[in-house]
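This report concerns only the one structure given below.
The values are calculated or read from the model by the stated rules, or taken from the named source; none is laboratory data. Predicted model, so just to flag it, every value in this text is computed and none were measured. Here the Cβ positions follow ideal geometry from the backbone for every residue, glycine too, while neighbour counts run over all protein chains shown. Keep in mind that these areas ignore ligands, DNA and RNA; they rest on the heavy atoms of the full protein, side chains included. Shrake-Rupley method; radii C 1.70, N 1.55, O 1.52, S 1.80 Å.
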Amino acid sequence: MDDLIRNAAEDLCGAKRVTALTGAGASIESGIPPFRGKGGLWEKYDPMEVAHIDSFLQDPVKVWNLLIKDMKDVIDRAKPNDCHKGLVKLEELGKLQTVITQNIDGLHQMAGNTDVIEFHGTFAWQRCMECNTHVETRRVDISTIPPRCDCGGILRPNAVFFGEMIPQEALWRSRQVATDCDVMLVIGTSAVVQPAALMPVVAKESGAKIIEINPESTLLTGDISDYLIKGPAGDVMNRIMANLDALL
Ligand code: OAD
């Protein structure tokens with residue numbers, strides 16, 4: 001493990017353009033549960049029942065009650081952890097240019113990263129399904145479910161449900177930064193959801209080094225990633241940044 005941490009620090013030291021791709025694992029240490037694996041949301045719920053657009057359209061009350069209300073509660077209280085903070089330091093050092101995140105919690109921006117592509121949209125805003133007015137999630141009154149816009153339309157998260165398209169701008173920019181980077185840090189994603197999981201493949205094909213940080217191996221491990229640093233993201237990022245400091 002120490003060797004891999006040193007490798008990562010050296011790779012980052014030599015890099016000119018670093019991109020990070022993050023998933024739910026990056027926010028676990030902020031108290032936000034992942035989707036898959038132990039304690040994951042999809043252990044408790046069937047994603048097709050609570051996170052597919054057709055389910056939401058069919059029964060918004062059920063999806064708000066089962067999923068969205070709890071997410072609001074957890075995300076409202078969450079604060080950036082050492083993984084988010086490490087990525088901010090990496091940007092301040094002039095190494096990290098862009099974070100592509102599958103997370104909708106806004107923690108990378110709260111920590112201070114300035115270029116964050118929200119691949120699956122954001123939970124920070126709700127939008128009216130009738131008039132498309134956007135309302136900040138923290139201002140949404142959830143005493144009645146589903147919450148409604150002033151026009152009477154139902155509010156939904158400004159995030160991507162299963163069965164919906166990825167925002168075109170996010171997809172286009174992600175492909176671009178994946179193509180342009182020389183190192184991609186892939187942090188806390190199981191890499192099973194497409195097209196996000198394709199970004200390390202795009203980066204690899206363009207010649208980038210792919211460094212995975214995850215306590216478990218994933219579909220990328222040993223094939224697309226050059227190496228996996230096994231461990232929780234906050235701790236691993238702290239150790240990499242301490243090694244990088246010593247090299248700069
Ligand atoms: P997953 O829940 O699929 O994967 C979480 C990953 O985090 C797993 O590989 C874990 O091993 C890893 N992990 C666990 N603890 C960790 C820690 N402390 N530090 C680092 N990693 C840790 O989450 P995603 O890959 O983000 O999409 O899931 C992708 C998409 O599936 C989500 O954006 C969401 C979901 O359904 C939509 O809702 C559209």
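This table checks each residue for (1) more than 16 Å from K69 (Cβ to Cβ); (2) in a loop (DSSP other than H, G, I, E, B); (3) not basic (K, R).
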site: G94; (1), (2), (3): yes, yes, yes
site: M110; (1), (2), (3): yes, no, yes
site: N132; (1), (2), (3): yes, yes, yes
site: T144; (1), (2), (3): no, yes, yes
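Among (1) free of Cβ contacts under 8 Å to residues at least 40 places away in the same chain; (2) away from the ligand (no atom under 16 Å from the Cβ), there is one condition R138 misses while meeting the rest; what is its number?
The number of the failed condition is (1).
Would you pick out the residues in region 1-23 that are open to solvent by less than 20 Å² (accessible area, probe 1.4 Å) and part of a helix (DSSP H, G or I)?
So the first thing to find is which residues in region 1-23 are open to solvent by less than 20 Å² (accessible area, probe 1.4 Å), and the list is 5, 8-9, 12, 15, 18-23.
Matches in region 1-23: I5, A8, A9, L12.
Looking only at residues that are aliphatic (A, V, I, L, M) and within 21 Å of the chain's Cα centre (by Cα) in region 41-66, which one is most open to solvent (accessible area, probe 1.4 Å)? Even if it seems obvious, please write down each step before you answer.
So the first thing to find is which residues in region 41-66 are aliphatic (A, V, I, L, M), and the list is 41, 48, 50-51, 53, 57, 61, 63, 66.
From the residues that got through so far, the ones that are within 21 Å of the chain's Cα centre (by Cα) too are 41, 48, 50-51, 53.
Working: L41: 27, M48: 97, V50: 2, A51: 11, I53: 19 Å².
Within region 41-66, the match that is most open to solvent (accessible area, probe 1.4 Å) is M48.
Mind listing just one residue for me: the one in region 96-125 that is charged (D, E, K, R) and crowded, with 20+ Cβ neighbours inside 10 Å and, of those, farthest from S27 (Cα to Cα)? Working first, answer last.
Of all residues in region 96-125, those charged (D, E, K, R) come to 105, 115, 118.
In the following step, the residues that additionally are crowded, with 20+ Cβ neighbours inside 10 Å were identified as 105, 118.
Working: D105: 8, E118: 14 Å.
Checked region 96-125; the qualifying residue farthest from S27 (Cα to Cα) is E118.
Can you name the condition, by its number, that G86 falls short on among (1) within 16 Å of the ligand (Cβ to nearest atom); (2) touching a strand residue (DSSP E or B) at 6+ places or on another chain (Cβ under 8 Å)?
The number of the failed condition is (2).
Considering only region 183-192, I want to know if a residue exists there that is modelled with pLDDT under 95, open to solvent by 30 Å² or more (accessible area, probe 1.4 Å) and β-branched (V, I, T). Spell out how you get there, then give the answer.
Of the residues in region 183-192, the ones modelled with pLDDT under 95 are none.
Within region 183-192, not a single residue is modelled with pLDDT under 95, open to solvent by 30 Å² or more (accessible area, probe 1.4 Å) and β-branched (V, I, T).
Would you mind stating whether I53 is in contact with a strand residue (DSSP E or B) (Cβ under 6 Å, 6 or more places away or on another chain), among the hydrophobic types (A, V, I, L, M, F, W, C) and closer than 23 Å to E136 by Cβ? Give the steps one after another, and end with the answer.
On the way: in contact with a strand residue (DSSP E or B) (Cβ under 6 Å, 6 or more places away or on another chain): no; among the hydrophobic types (A, V, I, L, M, F, W, C): yes; closer than 23 Å to E136 by Cβ: yes.
It is false that I53 is in contact with a strand residue (DSSP E or B) (Cβ under 6 Å, 6 or more places away or on another chain), among the hydrophobic types (A, V, I, L, M, F, W, C) and closer than 23 Å to E136 by Cβ.
Looking only at region 24-35, count every residue that is within 23 Å of F162 (Cα to Cα) and not in a loop (DSSP other than H, G, I, E, B) and tell me the total.
5
Which residue, of K69, K79, K38, is surrounded by fewer than 17 Cβ atoms within 10 Å (Cβ to Cβ), in a loop (DSSP other than H, G, I, E, B) and in contact (Cβ under 8 Å) with a residue 24 or more places away in the chain? Write out each step before concluding.
Values: K69 fails: in a loop (DSSP other than H, G, I, E, B); K38 fails: in contact (Cβ under 8 Å) with a residue 24 or more places away in the chain.
That would be K79, the only listed residue that is surrounded by fewer than 17 Cβ atoms within 10 Å (Cβ to Cβ), in a loop (DSSP other than H, G, I, E, B) and in contact (Cβ under 8 Å) with a residue 24 or more places away in the chain.
Against the definition (touching a Pro at 6+ places or on another chain (Cβ under 7 Å), under 21 Å from I213 (Cα atoms) and not small (G, A, S)), how does L107 come out, yes or no?
Numbers: touching a Pro at 6+ places or on another chain (Cβ under 7 Å): yes; under 21 Å from I213 (Cα atoms): yes; not small (G, A, S): yes.
Criteria met by L107.
Quickly run through region 41-58 and pick out the residues that are within 10 Å of the ligand (Cβ to nearest atom) and part of a loop (DSSP other than H, G, I, E, B).
Passing the criteria: only A51.
Just one of E216, E169, E212 is surrounded by 17 or more Cβ atoms within 10 Å (Cβ to Cβ) and among the acidic types (D, E); which is it? Before you say what the answer is, go through the steps one by one.
On the way: E216 fails: surrounded by 17 or more Cβ atoms within 10 Å (Cβ to Cβ); E169 fails: surrounded by 17 or more Cβ atoms within 10 Å (Cβ to Cβ).
It is E212.
In the list G163, G152, which residue meets the criterion of being among the small types (G, A, S), more than 26 Å from S225 (Cα to Cα) and within 16 Å of the ligand (Cβ to nearest atom)? It would help to see each step written out before you state the result.
Values: G152 fails: within 16 Å of the ligand (Cβ to nearest atom).
Just a single option satisfies the conditions, and that option is G163.
Listed residues L171, L228, L220; which is in contact with a Pro (Cβ under 8 Å, 6 or more places away or on another chain) and within 21 Å of L12 (Cα to Cα)?
Values: L171 fails: within 21 Å of L12 (Cα to Cα); L228 fails: in contact with a Pro (Cβ under 8 Å, 6 or more places away or on another chain).
One residue alone meets the criteria, L220.
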